[in-house]
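Everything on this sheet refers to the single structure shown next.
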Amino acid sequence: PKHVNAEATLTAQPLPGGVRVLNLAVNAPKKAHVLVRCTRGCRSQARTARTLAFAKLRGTVLSSGAALKIYVTASREVGTYIEYKVHRGGVSKSQLCLAPGSLKPSRCE
């Protein structure tokens, strides 16, 4: 199956116990479905579009240990999973794949 190519950019301000989200932008194919979840600190949001800015996340404080998870899926295609893990003073980014019809991340082949 084809892969959904997506890219996410998170701009965050470091805080003593985590980060404050300044902006989250996701670039994805036109028909892709984008779902954003946090392990704690924000509500889930979902959209379908080419370039998305998640304005409701602006100003959200994510504490150390939290994760911002982005699922980009399309019908019968291998999706993209992007995760930002929050730690003291910043974030780290990782990217995995999603099998068609699944939201369970796995290594890309």
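The packing ranking, built from the mean of other Cβ atoms within 10 Å per residue, places the peptides 52-65, 96-109, 69-82 in the order 69-82, 52-65, 96-109, highest first. Across segment 98-109, computed HN-Hα scalar couplings (Karplus, 6.51 cos²θ - 1.76 cosθ + 1.60, θ = phi - 60°) run 10, 4, x, x, 10, 10, 9, x, 8, 5, 7, 10 Hz from first to last residue, x flagging Gly and Pro. Applying 0.36 nm per residue to the separation of Arg43 and Leu103 and subtracting their alpha-carbon distance, the gain on full extension is 19.9 nm.
The stretch between Arg76 and Thr11 holds 20.3 nm of extra length on full extension. This uses 0.36 nm per residue minus the Cα-Cα distance. The structure shown yields Cα extents along the principal axes in Å, and of the options (i) 44, 26, 18; (ii) 69, 36, 21; (iii) 51, 24, 20 that calculated value carries the label (i). In this structure, Arg20 and Leu96 have a Cβ-Cβ separation that, at R0 = 25 Å, corresponds to a calculated FRET efficiency of about 0.45. Net length available on complete extension from Arg88 to Thr51 is 10.4 nm, with 0.36 nm assigned per residue and the Cα-Cα distance removed.
Here, each number is a calculation from the coordinates, and none is a lab measurement. Keep in mind that this is a model prediction, so the values were computed, not measured. Methodologically, a virtual Cβ is constructed for each residue, glycine included, from the backbone with ideal geometry; neighbour enumeration extends over all protein chains shown.
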